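Below: the structure, in structure tokens.
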Amino acid sequence: MNSPLLTAPGAVAPFEGAPDQGVPWHFGDPFAEQRSAARSVAVFDRSNRAVLAVPGDDRLTWLHSLTSQHFTALGEDEGTEALILDVQGRVEHHAVVANTGGVVYLDTEASRAAELLAYLTKMVFWSKVEPRDATAELAVLTVVGPEVPDLFTKLDLPLPDGPHGVVALEGGFARRMTWPGQDAVDLLVPRGEIAGWWARLTDAGARPAGSWAFEALRVESLHARLGVDTDEKTIPHEVNWIGGAVHLDKGCYRGQETVSKVHNVGRPPRRMLLLHLDGSREVQPETGDPVLVDDRVVGRVGSVALHHELGTIVLALVKRSVSPETELLVGAEDRRVQASVDPDSVPPDTPGLGREAARNLGR
């Protein structure tokens, strides 16, 4: 489903094979677009995301039983994130959530939406819920930057409160986000009105920005993307989804035993790190390429982005045994470059966990 904004003035379509087909890649200057999102305000077309809707009286209790999130504690006009895990606790689906107007909306990667909807439909049984694909109804636009509040004031739009607040808009809603910056709001607007909303936002001062800039900001914020920064073995602890997408004060969902075990008595085998690449921008690794130490594979490349200040940066899943001070090589042989770990991206070990804690408990 191609966005009408691909024909907007200055819009450049993504290259073949890029993960964000169907929306603009940039509008002529992706680094300036990133700077606007960091210093003023930018708007991103993310209408390539799929949107599922779950109306019904049982929607919160039903989703509570299926997902990693505490849906029964989710209030009206609140948002969050949620995962669906397999029986071994590995991530199958990730969605950003809004509970508003008697409906829970789940927006997710378009490539995984049909599978997610099929699973939800299969699990309805006797519950009073009617999950459906709402992608043809709603589309995602995201505004980012410290001037977001001013933008909403100019447009006479209600600004969601708190880090996950949701407010109704005509035909849709706005949802506060904690990434890819401190001031970020998702607008889910009627799909047929994307061009009109885009014009309103840009006429009010938001800079048009593409997926290149959004991905660079997402990588900088250390937020994983399903299917890019995750593989078939990924568990939530490895990619910073504990707390944000996994609520530790609930149980009774598929994969919960693994979540609890790793949290209480162990540590995940890998951790997601931000890597800075050395050398020319002409040579870059690709998603799925290996991360190596002395020709030994120790990890997997996820997202690769060109950042306006940091240069080429990568999110990579790396074995926990690898010291953050280790010099790494990333990429296949014809695109292999040196990389170093950003020390600020190294997640601290949760206090009281691991084998030492287990030995202490046994004393």
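The values are calculated or read from the model by the stated rules, or taken from the named source; none is laboratory data. Small disclaimer: the values here were computed from a predicted structure and weren't measured. Heads up, the Cβs are rebuilt from the backbone with ideal geometry, glycines too, and the neighbour counts pull from every protein chain shown. When the accessible area is computed, the model is the full protein with side chains, heavy atoms only, and any ligands, DNA or RNA have been set aside. Shrake-Rupley method; radii C 1.70, N 1.55, O 1.52, S 1.80 Å.
If you go through region 268-283 one residue at a time, do you hit one that is more than 30 Å from A37 (Cα to Cα), at pLDDT 95 or above and not small (G, A, S)?
Pass one, region 268-283, residues more than 30 Å from A37 (Cα to Cα): 268-270.
Filter again for at pLDDT 95 or above, leaving 270.
Now narrow it down to the ones that are not small (G, A, S): 270.
Scanning region 268-283, I find at least one residue that is more than 30 Å from A37 (Cα to Cα), at pLDDT 95 or above and not small (G, A, S), so the answer is yes.
Could you tell me whether region 49-56 includes any residue that is in a loop (DSSP other than H, G, I, E, B) and in contact with a Gly (Cβ under 8 Å, 6 or more places away or on another chain)?
Within region 49-56, the subset in a loop (DSSP other than H, G, I, E, B) is 49, 56.
So of that shortlist, the ones also in contact with a Gly (Cβ under 8 Å, 6 or more places away or on another chain) come out as none.
Looking for residues that are in a loop (DSSP other than H, G, I, E, B) and in contact with a Gly (Cβ under 8 Å, 6 or more places away or on another chain), one finds none in region 49-56, hence no.
Could you check E78 against (1) out of contact with any Phe, Trp or Tyr (no Cβ under 9 Å at 6 or more places or on another chain); (2) within 26 Å of T230 (Cα to Cα); (3) among the charged types (D, E, K, R) and say which number it fails?
Going through (1) out of contact with any Phe, Trp or Tyr (no Cβ under 9 Å at 6 or more places or on another chain); (2) within 26 Å of T230 (Cα to Cα); (3) among the charged types (D, E, K, R) one by one, E78 breaks only (2).
Could you list, in sequence order, all residues of region 186-200 that are open to solvent by 20 Å² or more (accessible area, probe 1.4 Å) and aliphatic (A, V, I, L, M)?
Within region 186-200, A195, A199 qualify.
Looking at (1) open to solvent by less than 30 Å² (accessible area, probe 1.4 Å); (2) closer than 25 Å to S111 by Cα; (3) in the same structural domain as W198 (by the TED database), can you tell me which one A13 breaks?
Looking at each condition in turn, A13 falls short on (1).
Count, please, the residues in region 218-263 that happen to be within 26 Å of H307 (Cα to Cα), assigned to a loop (DSSP other than H, G, I, E, B) and either without any contact (Cβ under 8 Å) to a residue 60 or more places away in the chain or among the β-branched types (V, I, T) (or both).
Matching residues across region 218-263 total 5.
All but one of (1) open to solvent by less than 20 Å² (accessible area, probe 1.4 Å); (2) under 22 Å from the mean Cα position of the chain (by Cα); (3) without any contact (Cβ under 8 Å) to a residue 60 or more places away in the chain hold for R175; state the number of the condition that does not hold.
Condition not satisfied by R175: (3).
What is the number of the single condition among (1) at pLDDT 95 or above; (2) assigned to a loop (DSSP other than H, G, I, E, B); (3) within 24 Å of L116 (Cβ to Cβ); (4) not acidic (D, E) that G28 does not meet?
So the condition that G28 fails would be (3).
Does region 179-199 hold any residues that are closer than 18 Å to A37 by Cβ, modelled with pLDDT of 95 or more and out of contact with any helix residue (DSSP H, G or I) (no Cβ under 9 Å at 6 or more places or on another chain), and which are they?
Once the filter is applied, which keeps residues that are closer than 18 Å to A37 by Cβ, modelled with pLDDT of 95 or more and out of contact with any helix residue (DSSP H, G or I) (no Cβ under 9 Å at 6 or more places or on another chain), region 179-199 yields D186, W197.
Return the residues of region 201-217 that are open to solvent by 10 Å² or more (accessible area, probe 1.4 Å), assigned to a helix (DSSP H, G or I) and more than 20 Å from F15 (Cα to Cα); say none if nothing qualifies.
T202, D203
Could you check how many residues of region 37-49 are surrounded by fewer than 23 Cβ atoms within 10 Å (Cβ to Cβ) and either over 23 Å from R132 (Cα atoms) or in contact with a strand residue (DSSP E or B) (Cβ under 8 Å, 6 or more places away or on another chain) (or both)?
The first filter runs over region 37-49 and keeps only residues surrounded by fewer than 23 Cβ atoms within 10 Å (Cβ to Cβ), leaving 38-40, 46, 48-49.
Now drop any that are not either over 23 Å from R132 (Cα atoms) or in contact with a strand residue (DSSP E or B) (Cβ under 8 Å, 6 or more places away or on another chain) (or both), which leaves 38-40, 46, 49.
Residues flagged as surrounded by fewer than 23 Cβ atoms within 10 Å (Cβ to Cβ) and either over 23 Å from R132 (Cα atoms) or in contact with a strand residue (DSSP E or B) (Cβ under 8 Å, 6 or more places away or on another chain) (or both) within region 37-49 amount to 5.
Take the residues of region 249-265 that are more than 26 Å from P324 (Cα to Cα) and in contact with a strand residue (DSSP E or B) (Cβ under 7 Å, 6 or more places away or on another chain): which is surrounded by the fewest Cβ atoms within 10 Å (Cβ to Cβ)?
Here the residue is R254.
One residue is enough: does region 266-276 have a residue meeting the conditions within 26 Å of L52 (Cα to Cα), basic (K, R) and buried (at least 20 other Cβ atoms within 10 Å of the Cβ)? Give the steps one after another, and end with the answer.
First, the residues of region 266-276 that are within 26 Å of L52 (Cα to Cα): none.
No, every residue in region 266-276 fails to be within 26 Å of L52 (Cα to Cα), basic (K, R) and buried (at least 20 other Cβ atoms within 10 Å of the Cβ).
Of the residues that make up region 157-171, is at least one exposed (fewer than 14 other Cβ atoms within 10 Å of the Cβ), within 23 Å of S211 (Cα to Cα), in the same structural domain as S211 (by the TED database) and modelled with pLDDT of 95 or more?
Checked against the condition, which is being exposed (fewer than 14 other Cβ atoms within 10 Å of the Cβ), within 23 Å of S211 (Cα to Cα), in the same structural domain as S211 (by the TED database) and modelled with pLDDT of 95 or more, region 157-171 yields no hits at all.
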